[in-house]
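Report on the structure given below.
Any read-out appearing in this document is the output of simple, stated calculations on the displayed coordinates, not a laboratory observation. Because the structure is predicted, anything quoted here is derived from the model rather than measured.
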Amino acid sequence: MVAKSPSVTESLRIHPELDERTSLSRCLLLRRLPPSAWHDLTRTANTRRLRTGEFLCRQAEVVANVYVLLRGRISVVRVSSRGSQVLLRFHYPGDAFACAHAVSRSPAPASLQASQDSVVLAWDGKPFISLLRRYPRMVENFAAVIVQHNRETWAHLEETLIDSCERRLARAMQRGFDAAPRDGRGLEFHLTEQQMAEYLGTSPYTISRILSRWRREGVVDVHRGRVRVVTPEALCSLANGFGRL
């Protein structure tokens, strides 16, 4: 795959501890590009490192960059007209985001905030338009990213309206598996009960009650904002609506 080419890694000058090759190979925006496109992309890319809580951009600010997440997790958070905060979704390594808004230079409908230490690639929107004009394959990928985001948004809305909170929580945790660090003892990711509740549109008490039950059943282990999935098969069963094992 193109993303595994040593020249790409050298051009980006990413620290070798980062899983950038895996992330880039998963990125829909960058798939099946010719070598010349990779050359132009790496020549114009900027690397940004964010600490937990830092913002890539804030709601209502004009979006200037197209982003691809290499490592960490980015939260998409919107503040309503009444001042309440809504967690809309997460971006995981390999995700491309802010594409349409950066190209159109439109205001961000929500804030992009690092929910853990993260590394992103950024391309200024104006030069990115030139790349789209030069490489038809990038236009196809660009359109595919937008379609994917729309599909995920509708799927999340459908789950919110139809599925139980327990099933939605299981599915949300499943979606983070690819980005979760693996240490041989299970799958772990960092989410507080408050963050889970905001994302699922429920209360922290409900999330705590579900996680407590899962811990008793040996599905997960929870400790200080970290959730470790110790029985992935059981979580998969819950996500698919087959009941607790």
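Computed over segment 2-160, the Cα gyration tensor eigenvalues convert (square root of 5λ each) into semi-axes of 26, 18, 15 Å, ordered from largest to smallest.
Backbone amide hydrogens, once placed in the peptide plane, bring residue 116 within less than 5 Å of 53, 73, excluding anything fewer than 5 places away on its chain. Annotation: amide H-H contacts under 5 Å for residue 89 (H modelled 1.01 Å from N, sequence separation of 5 or more, or interchain): 76. Sequentially through segment 36-44, phi angles give Karplus couplings (6.51, -1.76, 1.60; θ = phi - 60°) of 5, 5, 4, 4, 5, 5, 5, 5, 9 Hz, Gly and Pro residues having no value and appearing as x.
Look at where the Cα atoms of segment 103-164 and of segment 29-99 average out, and the two centres are 8 Å apart.
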